[in-house]
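Heads up: the structure comes next, in structure tokens.
The values are calculated or read from the model by the stated rules, or taken from the named source; none is laboratory data. Treat the numbers as computed from the prediction; the structure is a model and nothing was measured. Every residue, glycine among them, receives a Cβ derived from its backbone with ideal geometry; neighbour counts consider all protein chains shown. When the accessible area is computed, the model is the full protein with side chains, heavy atoms only, and any ligands, DNA or RNA have been set aside. Shrake-Rupley method; radii C 1.70, N 1.55, O 1.52, S 1.80 Å.
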Number of protein chains: 4
Amino acid sequence: RRPRFNPWGLLERLDSGEVVVGDGSYLLTLEKRGYVKAGLWAPEAVVEHPNAVCQLHMEFLRAGSDVMQTFTFSASEDNMESQWEAVNTAACDLAREVADKGDALVAGGICQTSLYAHHKDEVRIKKLFQLQLETFARKNVDFLIAEYFEHAVEAVWAVEVLKESGKPVAATVCIGPEGDMHGVTPGECAVKLMKAGASVVDVNSLQAAGLKEHLMVQSLGFHMPDCGNRGFLDIPEYPFPRVATRWDIQKYTREAYSPGVRYIGGCCGFELYHIRAIAEELAPERGFLPPASEKHGSWGSGLNMHTKPWIRARPRREYWENMWPASGRPLCPSLSKPDA
Amino acid sequence: RRPRFNPWGLLERLDSGEVVVGDGSYLLTLEKRGYVKAGLWAPEAVVEHPNAVCQLHMEFLRAGSDVMQTFTFSASEDNMESQWEAVNTAACDLAREVADKGDALVAGGICQTSLYAHHKDEVRIKKLFQLQLETFARKNVDFLIAEYFEHAVEAVWAVEVLKESGKPVAATVCIGPEGDMHGVTPGECAVKLMKAGASVVDVNSLQAAGLKEHLMVQSLGFHMPDCGNRGFLDIPEYPFPRVATRWDIQKYTREAYSPGVRYIGGCCGFELYHIRAIAEELAPERGFLPPASEKHGSWGSGLNMHTKPWIRARPRREYWENMWPASGRPLCPSLSKPDA
Amino acid sequence: RRPRFNPWGLLERLDSGEVVVGDGSYLLTLEKRGYVKAGLWAPEAVVEHPNAVCQLHMEFLRAGSDVMQTFTFSASEDNMESQWEAVNTAACDLAREVADKGDALVAGGICQTSLYAHHKDEVRIKKLFQLQLETFARKNVDFLIAEYFEHAVEAVWAVEVLKESGKPVAATVCIGPEGDMHGVTPGECAVKLMKAGASVVDVNSLQAAGLKEHLMVQSLGFHMPDCGNRGFLDIPEYPFPRVATRWDIQKYTREAYSPGVRYIGGCCGFELYHIRAIAEELAPERGFLPPASEKHGSWGSGLNMHTKPWIRARPRREYWENMWPASGRPLCPSLSKPDA
Amino acid sequence: RRPRFNPWGLLERLDSGEVVVGDGSYLLTLEKRGYVKAGLWAPEAVVEHPNAVCQLHMEFLRAGSDVMQTFTFSASEDNMESQWEAVNTAACDLAREVADKGDALVAGGICQTSLYAHHKDEVRIKKLFQLQLETFARKNVDFLIAEYFEHAVEAVWAVEVLKESGKPVAATVCIGPEGDMHGVTPGECAVKLMKAGASVVDVNSLQAAGLKEHLMVQSLGFHMPDCGNRGFLDIPEYPFPRVATRWDIQKYTREAYSPGVRYIGGCCGFELYHIRAIAEELAPERGFLPPASEKHGSWGSGLNMHTKPWIRARPRREYWENMWPASGRPLCPSLSKPDA
């Protein structure tokens, strides 16, 4: 098991070669639990149902997350009106409360605003970020994450604001190449973000840039080969798509870790058992398992006492790695054609 | 919205023609949240992580469940040793605590024992049921459910014990026809269960019997056409199989309601949003929506403000009913061949 | 190899326990070769392109067919007008020419008329059958087949006409149960057909009847689990659907042979290599292979000299029996929903 | 219909902007008809069953082929021993006999030898090509095709030999990029082939070269997205894989024609109805249909007289272009993983 108490911050951990396990999806997970409304995707649950949010933070902590990201997605003033300050404040408190039960860091999170699509008013947009940052600073979060930006320019503005805090800034861009960054390649975007002050940049952005600082990746928790470089919003099933298996995530973890990514977490759709799969896949390298592995025999090992012999035969890595899950839907295709 | 406070018990509700929405899956949902171990499938979480169990009860209540089933699956003395009494007691308290926040009934639940497969000692097995029933009686549950029995004989023993409480007994058998009931047809089984004292019997059992008392059904939350009459344990992906969509469950609800089933709930794999789908599908008949529908526009209506027009075009019943979800896995078959 | 010259007729062969291998699909095979028009499905190729028809007869003979069915599908006067007599005569000549190069029998074939669907004029319809029968008698075919009838009544009329020839009559009904026989079960139909004078009846009709005379089966050459009891015309791809593999047909042959079917052939879509697969599957029982097996190593044995080792590894029965062919179409479903 | 008699040779036709429709697959088509052995893939049928080969030439001619390629695949001395000369001679006669019934050109075809894989003896290999070329010259073929080479060097040797005849040489390489050309890119290969004397080069080779002389393409008749750049031999189903529909081929034809390819034919698996699909797709540009279209209503138009209304509704271009064919195999994946 993990040595108790790790006083290091984000950069000390990454500099020393430690793996930082991110956390998973709050919005989509809480949507399925009845606390978030699809389409609106706002985090008012932190004030309306704090126990539910706290519970989900706890799950991620138990699953092995080293980061508790404040549940402040789209919690800027333009989206939440009068509620925005209460939500940002409560979100910090909830994240800290759970983080302190383990070795987790609290990351204040901001994302794209609703303004950029309509006008590109740098002053007004940066002001929105500053307002959130003030709360994060007052609540003394450990570092900051700029996440889920579709436009490189707005992401750079975010980093420029966040770095003023003097705390480390991690930045990820939304999904992939070309189109989605609106004329800026991911590599160019990565350079811009690092010049703007980000210390950790997601690996998608960096692949084309040849830079190698600290790399992070936060995958969808969905199995989505057909969305390609386009966003998963265009898949006909969105926002209720097919979930990745825990075995999918173990494979994803290994594929990220091998070339050097050390901040590995999840984005939309990532649940506790996905985070746990990251922690379990890297247990050999890290030397410890997360608390939630008490309830999870690796590779299904809890099945080895089943009365049916063919089920007892399943708890082996080879079984799950070679088991191709059926969809149960012979009238459905295996790949969809994304809309638009 | 629903009229506040319903003082009626199970039979009064069903006798008056009311729909009773059951609850969903505790074991598999809490496995995915890190509190239950697959293969062991025991409910020690009620004492180890009561907040997590309480939270899940709350989700089901918000989703529209009229029943809080005690989380006592396989919590008989043979499975849990010294812990069994504490677990049964705490489970009743948790269920009652949440039920009283709404109009829900508490149902004490028992299932098959580990003994029957090895010897058929009626006295010893009934004694196990009696021990659990004593706790349920002491905690004053509203009715009793005998659920998840693979052998008709053992199910009958359970009903014979439970009816001694003087409270209504609902009984369901495990999955379908022939094989699984070990020589007794579902229809014969239903007659036996009703003669033994059950007031509510699941519709699978009754289809062949021609009886029509109170019908219930509690479906899997998985999409499993290929398991046929065999249990879903034989599907290669078990215990981590593909999840039904909320639209699948709306369809299932309508198909159960139309021929007269009035107790509609879920079994393994059923999550909050599945229960909510039952409540939403029957909202026209019942005249009210569950609390969790505050966070759920019917048929995806929250999407109607999305910036992308093809996503704004989705929130329509026809869209979701005609949308065939892709698996995203072209190397996988659509149906599996169940083991053994 | 087969003993040369078999003077026996159809019934002598079947009575002695011999297997009779039928032939395959003329219409659909010649459609793919450019001599038949889909939708019209008429055999004018026997006069327009006799070499092409002769060549196809030769293929079936080489593949192991013991029967050359005259290519007279829908060649009754109502369908072909002035051409009908020339077509029936030429078809008999072509079939005989090829049959005499081996041990094959010539079977005069009739099918449903275009009249029955519009009116049920027994006299007029029987007259159409008699006209064809006169040609068959004059050309001295060895036996008669009534095939492809959607209505039991019309099939019985056909058998009643054909038995007047004094030659054996084989009768098959079109596809399966209920609907397609228009109110007559296959078992009832079989009894009617045998009472009307048929000596060989297809196994689908007889399964429900408990009779056991001579059984025949002539399968589609398509892989069509989704057409169920309905005709394959309702499958969206009709008339150009997916072809069965030779391995599918070997399996079908064994499944027909085991319970006692001894006349095994093919219907729409059956090509040379399907017929050869019948003959090869039954080679152990019959003691000989068909001529076309000179060009066909059993189970792909010609591959055992390939330069690539993974291809050399394929020519084994287990490989082909366990190889699940991919569709190559991930945007397509695996099963279709038949129209109407 | 087409103007009678076209005295032009290959280059005159292409230079004038005419489309040249190639022919299809002899080996695999005749394998399915029982005259070629899979794995050996030798054309001894030209002497053993000349009628069958002649019949297939006729089918392609009727389908619209402007080229009759001699059925001399792997008919070099190393593969066929004493038979080689008789096979090459007979193949030329058969091709000429049929070509002269229309406007088709005869193309003498050579392919890779069995020697190159074992040693790279240029003199000996060129000698094999010269021997075939002597027969082609004596029989006065109209042009020459070097087709199905896995190694660029051997293809260049072939072109160097063939150009000595003074007749036009068309050259195609086997399948795609990297691996298969053994260190030479397709573009480099194309330049080499043209420098060596080829006047028509297949489009795959040229895409990377930026050259634009006469382009040809001869596709597989199989639906094989999963073989990628690797050969279709590595697909588990080879040599019996899934067949492309006629609609697939119409689409392929348009996609080749639009960017300028004017020699469009087929390789392994291409049957009559695939060739006809090329000719029908280009009928608007060319102003005539092939003879076999007499038996083929465009887009299934023969179905418009069917008794069932839902089948009558099919003969429309939109229907077939939007109809996604099901595999009928829900236990099979949609894509395979190529071997090795």
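Ligands, DNA and RNA aside, D:Phe149 has an accessible area near 0 Å² when probed at 1.4 Å. Relative to the longest principal axis of the Cα atoms of chain A, the long axis of helix A:246-257 lies at roughly 60 degrees. What you get for the protein assembly as shown, charging only the Cβ of Lys and Arg (+1) and of Asp and Glu (-1), is a dipole of about 20 debye around the Cα centre. Of all DSSP bridge pairs formed entirely within the protein assembly as shown, close to 5 percent run antiparallel. Within the shell defined by Cβ-Cβ distances under 11 Å, the residues around B:Ile311 carry a net charge of +1, with Lys and Arg each +1 and Asp and Glu each -1.
Its alpha carbons considered, the range D:25-157 gives a radius of gyration followed by a Dmax of 14.2, 43 Å.
The angle separating the long axis of helix B:186-196 from the principal Cα axis of greatest extent in chain B is about 50 degrees. Mind checking the angle between helix A:152-162 and chain A's longest principal axis? C-alpha axes, 0 to 90 degrees, to the nearest 10. It is inclined by approximately 80 degrees. When DSSP assigns beta bridges and you keep just the ones with both residues in chain D, what percent turn out antiparallel, to the nearest 5? About 5 percent, rounded to the nearest 5.
Charged neighbours of B:Thr172, selected by a Cβ distance under 10 Å, balance to -2 (K, R count +1; D, E count -1). Taking each of D:Lys101/D:Lys139; C:Lys120/C:Lys337; A:Lys308/B:Lys120; C:Lys251/D:Lys337 in turn, the alpha-carbon distance tops 22 angstrom for C:Lys120/C:Lys337; C:Lys251/D:Lys337.
For D:Gly109, the residues 5 or more places off, or on other chains, whose built amide H falls under 5 Å of its own are D:Thr70, D:Thr72, D:Ile145.
Across the alpha-carbon atoms of the protein assembly as shown, the computed radius of gyration and Dmax are 36.2, 106 angstrom. Packing around the peptides A:270-279, D:66-75, taken as the average count of other Cβ atoms within 10 Å per residue, puts them in this order, highest first: A:270-279, D:66-75.
Cβ-Cβ distance of C:Asp100 and C:Ala283, R₀ of 25 Å, FRET efficiency by 1/(1 + (r/R0)^6): the value works out to about 0.55.
For the range C:285-340, the convex hull drawn through the C-alpha positions has a volume of 189 cubic angstrom per residue. Based on the Kirkwood radius over alpha-carbon pairs, what is the Stokes-Einstein translational diffusion coefficient of chain C at 4 °C with 1.567 mPa s viscosity, in µm²/s? Approximately 63 µm²/s, per Stokes-Einstein. Residues of the range B:48-94 whose accessible area, computed with a 1.4 Å probe over protein heavy atoms, drops by at least 50 Å² once all protein chains are present relative to their chain alone are B:Gln55, B:Arg62.
Sorted shortest first, the distances from the A:Glu12 label point to those of the same residue in the other copies are 6.3, 8.8, 10.1 nm; each point sits 7 Å from Cα along Cα-to-Cβ. Taking 12 Å as the straight-line reach from the Cα of D:Lys32, the aspartates and glutamates in range (excluding those fewer than 8 positions away in the same chain) are C:Glu59, C:Glu271, D:Glu271. From largest to smallest, the equivalent ellipsoid semi-axes obtained for the range B:61-131 from the alpha-carbon gyration tensor read 28, 12, 9 Å.
Could you let me know the centre-to-centre spacing of the range C:298-340 and the range A:241-313, using Cα atoms, in angstrom? Cα centroid to Cα centroid, the span is 34 Å. With every protein chain in place and a 1.4 angstrom probe, the accessible-area ranking of B:Leu30, D:Leu131, largest first, reads D:Leu131, B:Leu30.
If I compute solvent accessible area with a 1.4 Å probe over the protein chains, what percent of it on chain C is carbon and sulfur?
Details: 6570 of 12540 Å².
That share works out to 52 percent.
The residues of the protein assembly as shown have, on average, 37 Å² of accessible surface per residue, using a 1.4 Å probe with all protein chains present.
For the range A:1-77, trypsin sites (Lys or Arg not before Pro) are listed when DSSP marks them as loop and at most 10 other Cβ atoms sit within 10 Å of their Cβ; the list is A:Arg1, A:Arg4.
Other residues lying with their Cβ under 12 Å from the Cβ of B:Ala137 contribute a combined charge of 0, Lys and Arg counting +1, Asp and Glu -1. For the chain pair C and D, the interface hides roughly 6300 square angstrom of accessible area in total, found with a 1.4 Å probe.
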